[in-house]
Amino acid sequence: MPETFLVIGGNGRVGREVATQLLDAGHGLRALVRTEPRVDALHRTDVEIMRGDMGDDQALASAVEGIRALYVATDDPEESVEQMRNFVGIARSAGVERIVRLSAMSADPDAKSDLSRRHGLRERALEESGMAWTHLRPTWFMQMMLEYAPGGRLDLPGGTGRIGWIDTRDIAAVAVAAMTGEGHEGKSYELTGPAALTYQELADTMSAATGRDFVYRDVQPDEYRAMMQAEGDEDWYIDLVLQIYDRISNGELSNLADGVEQALGRKATSFEVFCRDHAAELIKQL
Ligand SMILES: NC(=O)c1ccc[n+]([C@@H]2O[C@H](COP(=O)([O-])OP(=O)(O)OC[C@H]3O[C@@H](n4cnc5c(N)ncnc54)[C@H](OP(=O)(O)O)[C@@H]3O)[C@@H](O)[C@H]2O)c1
C-alpha cells in the first residue's frame, strides 16, 4: 500500500501541483478542502476528499488521522496565526511527524509588513511544535500571470521593481521532496526563479512566447485599490497586497535564491519556459 499524504489547500496555486505530483509519483492522497474541489487532481476517484477549514477542529482532527507527513497552505488573515498554533497541537497529538508549509520570502515574526510577520509567526508555531518542519519561502508565482493579464493588459502598481518570479511546479516539487524524502527537515528553502524581472520584461516575454500583445501599465496604488474594491476584495487583503507592491516598487523583492537547486539538485524553471509551457492559457486571457 502506498503511503497517504495529506494536502491542505489542494485547490490552491501550489497545492494543486503538490496533489498532482504526489499522485504522479504513485503516493496516496487525502485532501482537506475549504470549498468544492476545483482542480483535476482532486477529482480522481482514488483521492480521499474531506471538507473543512483551519478554524474547524473536528475537520482538522479527522484529516490528520493516520497521517505521517502533510503539506499546508492557507491564505493570510490575522486569524491564520492563531489557527496555525491550534493546528500544530492537533497534528502533534494525532502523531503527525512532519509538516511542510507554504510560507513566503522574507517571513519574519518581527517584520513590519503584515504578510511577512504573519508568515514568520506561523513558521515559529511549527518550529516550536516538536514535529519536523520544512518552510517553503517562495517569491511571487509565475502562474499569477495566467490570471493577471485580462485582455492582455497587466495593469499593476509594480513600477520598475524586479521580482525573482518562481514556477509553482518548482515549489510543489520541493514540497513533495520534503514530504516524501529525507534531508529536508529543519530547512527553510528560499525559492526564486533564475532571473529577477520587471513587469515590463514579463509582458515582453509573454508577447514573444505567444506572438500576441501583452502590455504593462504601471498604475498608482490608489487606482489599484479602487480596482480591487470593484472586484470585491476584502480590505485586509487589499492592504496586504498594496504593502507588497510598495516593497516591489522599492526593489525590496528583487533578490534571487537557490532553494530549488539546494532541495532538488536542478535549476529553477525560467519565465521563458513557463511561457512556452502555458502559451495556450496565456492567450485564453486575451
Ligand atoms: N501568490 C503568490 O504569488 C504567493 C507568493 C509567495 C507566497 N504566497 C503564499 O502562499 C499562500 C497561498 O497563497 P496562494 O496565492 O497560493 O493562494 P491560493 O492559490 O488561493 O491558495 C490558498 C489555498 O488555501 C486554501 N485556504 C485558504 N484559507 C483556508 C482556510 N482557512 N482553511 C483551509 N484552507 C484554506 C484555499 O482553499 P479554497 O481554494 O478551497 O478556498 C486555497 O486552496 C499564502 O500564504 C501566500 O502568502 C503566495
*At a temperature of 37 °C and a viscosity of 0.692 mPa s, determine how fast the stretch 237-279 diffuses translationally according to Stokes-Einstein, using the Kirkwood radius over alpha-carbon pairs as Rh; express D in µm²/s, rounded to the nearest whole number.*
255 µm²/s
_Check which residues have an amide H placed less than 5 Å from G28's amide H, if you skip close sequence neighbours._
E3, T4, F5
*Have a look at the stretch 11-60 and give its Rg and Dmax from the Cα atoms, expressed in angstrom.*
10.8, 31
*Per DSSP H run of n ≥ 4, the term is -39500 (n - 2.57); total these for the chain, divide by its residue number, and report the mean residue ellipticity at 222 nm rounded to 500 deg cm²/dmol.*
-12500 deg cm²/dmol
*In the chain, which whole DSSP H runs stretch at least 15 Å along their own axis (Cα) and average 0.0 or higher on the Kyte-Doolittle scale?*
168-180, 235-249
*Mind checking which lysines have their C-alpha under 27 Å from K187, skipping anything on the same chain fewer than 8 residues away?*
K112, K267
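Using the count of nearby Cβ atoms within 10 Å as a rough guide to exposure, how do Y189, Y245, Y148 rank from fewest to most? Please report the intermediate quantities before stating the final value.
Working: Y189 25, Y245 18, Y148 14.
The most exposed by this proxy come first: Y148, Y245, Y189.
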*For D46, put the label point 7 Å out on the Cα→Cβ axis and report which residues of the stretch 10-32 keep their amide N under 14 Å from it.*
20-30
*Quick one: which of 65-77, 49-61 comes out on top by average Cβ neighbours within 10 Å, and what's the full order, highest first?*
65-77, 49-61
*State the percent of C-alpha pairs, over all pairs in the stretch 162-204, separated by a distance greater than 12 angstrom.*
66 percent
*In Å, what is the Rg of the alpha-carbon atoms in the chain, and how long is Dmax?*
18.7, 55
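Loop only by DSSP, 15 or fewer other Cβ within 10 Å of the Cβ. Give me the GluC sites (Glu not before Pro) in the stretch 174-210 that pass, ordered by residue number. Mind showing how you got there, number by number?
Numbers: sites: E182, E185, E190, E201; in loops: E182, E185.
When the GluC sites (Glu not before Pro) of the stretch 174-210 are filtered for loop state and at most 15 Cβ neighbours within 10 Å, E182, E185 remain.
Hey, what does the equivalent ellipsoid look like for the stretch 85-220, semi-axes from the Cα gyration tensor as sqrt of 5 times each eigenvalue, largest first, whole Å?
Values: eigenvalues 237, 56, 27 Å².
After scaling each eigenvalue by five and taking roots: 34, 17, 12 Å.
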*For the stretch 109-179, max minus min Cα coordinate along each principal axis, in Å, sorted largest first?*
48, 31, 18
*Using DSSP, restrict attention to beta bridges with both residues in the chain and report what percent are antiparallel, rounded to the nearest 5.*
5 percent
*Give the relative contact order (percent, whole number) for the chain; include only Cα pairs under 8 Å separated by 6+ residues.*
17 percent
_Taking loop as defined by DSSP and a crowding limit of 10 other beta carbons within 10 Å, which GluC sites (Glu not before Pro) in the stretch 216-271 fit?_
E231
*Computed label-point distance, nm, for sites A111 and N250 using a 7 Å Cα→Cβ extension*: 1.3 nm
*Round to a whole angstrom and tell me the spacing of the C-alpha centers of the stretch 151-215 and the stretch 1-62.*
24 Å
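Per residue and in Å³, how big is the convex hull formed by the alpha-carbon atoms of the stretch 1-133? Numbers along the way, then the final one.
Working: hull volume 13.4 nm³, N = 133.
Cα convex hull per residue, to the nearest whole number: 101 Å³.
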*Sort T210, T134 so the one with the fewest other Cβ atoms within 10 Å of its own Cβ comes first.*
T210, T134
*How big is the equivalent ellipsoid of the stretch 28-96 along its three axes, where each semi-axis is √(5λ) from the Cα gyration tensor, reported in whole Å from largest to smallest?*
20, 16, 9
*Once all Cα-Cα distances of the stretch 141-286 are split into 10 Å bins that start at 0, what whole-number percent is in each one?*
11, 36, 35, 16, 2
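For T45, T160, what ranking results if the residue with the fewest other Cβ atoms within 10 Å of its Cβ goes first? Please list the in-between numbers first.
Numbers: T45 4, T160 12.
Least to most surrounded, the residues fall as T45, T160.
Bear in mind these aren't lab numbers, they're just calculated from the coordinates by the rules spelled out. The structure presented is a predicted model; accordingly, all values stated were derived computationally and were not measured. Note that each Cβ is placed from the backbone with ideal geometry, even for glycine, and that neighbours are counted across all protein chains shown.
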